[in-house]
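Worksheet: one structure, shown below.
The values are calculated or read from the model by the stated rules, or taken from the named source; none is laboratory data. Treat the numbers as computed from the prediction; the structure is a model and nothing was measured. Cβ placement follows ideal geometry from the backbone for every residue including glycine, while neighbour counts extend to all protein chains displayed.
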Amino acid sequence: MDEIVRIETIDEYNKMMGVETLNPFVSIIDFSKCEKRYFQRNSFGFYAIFLKDVVCGDMIYGKSTYDYQEGTLVFLAPNQVIGIKDNGQKFQPKGFALVFHPELIRGTSLAKNMKDYTFFSYKVNEALHISEQERKIVLDCLDKIKIELNHSIDKHSKTLICNNIDLLLSYCLRFYDRQFITRENVNKDLLSRFEDELDEYFNNNNAEKEGLPTVAYFASKMNLSNNYFGDLIKKETGKTAQEHIQDKIIDLAKEEILDKNKSISEIAYSLGFNYPGHFTRLFKNKVGVSPNEYRA
């Protein structure tokens, strides 16, 4: 099915899956209790976390496909499109989903913490693969939320539900840290490719023609989302991807500045700066002296 089905509310999603709505802003779905379904592509107006317990085919996410394996957690922010290629046959979904609307977390500490959970904008091929022990922790967090959903709504409901979602996402941050470590060889290869791409960008004079390189440019080269690429580089090196780019620019600038036949403005333009003043500020911030002072 090529059509994208837009689902705005939690209640709409619950009705599609054939489950009762206990809270208009949050729901937990046990897929094994749902009826068999055809594959389709969806766009949600809310956050969604999927824990799949069955291999169910190639998931389409953006322009990429991903073999949705068992024991995989996928995180979706509102308005992202996700789905499975329709093969014309129904399947029995297994696993769980936690869906919650932005209105649920508005004004809470969870809303402030969402910026730390960068995995909501990762690509599906950067999904979180969890161990059996980690799966138990995830299910325990879901059980705590489920208890609150089955409790009559009172003044404590929102706080307790949001706190438990926050706890789950904090655990997922830890699990992602573990995944980065256990995939160290793959990560080092990506870091090496990043450095090669960075060298190539300046060696081919792309900076002069296209401007300063961006983190998004290199993430695209690696076929990674901006956030996943940035998090990976930071965890591997202790520096952000932007800092790596700036360090490269400063190293090249130091070499160029020693050539007194080139003006500081010429060097700035060759490195991709639209305004020499921006180059001077970055150089002084990184080196401690201005380009002219460094030359002298």
Considering residues that are outside any strand (DSSP E or B), at pLDDT 70 or above and under 19 Å from Thr118 (Cα atoms), the number found within region 52-102 is 6
State whether the residues of region 231-249 include one that is assigned by TED's automatic domain parsing to the domain that holds Thr214, farther than 30 Å from Phe119 by Cβ and at pLDDT 90 or above. no
Here the residues within region 1-42 that are aliphatic (A, V, I, L, M), assigned to a helix (DSSP H, G or I) and under 20 Å from Ile153 (Cα atoms) are Ile10
Of Leu212, Leu168, Leu224, the only residue that is touching a Cys at 6+ places or on another chain (Cβ under 7 Å) and touching a residue at least 40 places away in the same chain (Cβ under 8 Å) is Leu168
Checklist line | Ile249 more than 17 Å from Leu128 (Cβ to Cβ) and in a loop (DSSP other than H, G, I, E, B) | finding: no
Given the conditions (1) under 21 Å from the mean Cα position of the chain (by Cα); (2) farther than 29 Å from Phe218 by Cα; (3) of a type outside the set (D, E, K, R), every one holds for Tyr122 apart from (2)
Picked from region 92-129 (must be crowded, with 21+ Cβ neighbours inside 10 Å and β-branched (Val, Ile, Thr)), the residue farthest from Glu8 (Cα to Cα) is Val124
Exception for Asn274 within (1) surrounded by fewer than 17 Cβ atoms within 10 Å (Cβ to Cβ); (2) in a helix (DSSP H, G or I); (3) in contact (Cβ under 8 Å) with a residue 40 or more places away in the chain falls at (2)
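Condition check ((1) under 30 Å from Arg178 (Cα atoms); (2) in a helix (DSSP H, G or I)) across all residues:
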| residue | (1), (2) |
| --- | --- |
| Glu195 | yes, yes |
| Ala207 | no, yes |
| Ser220 | yes, yes |
| Asn223 | yes, no |
| Lys239 | yes, no |
| Asp259 | no, no |
| Ser265 | no, yes |
| Lys284 | no, yes |
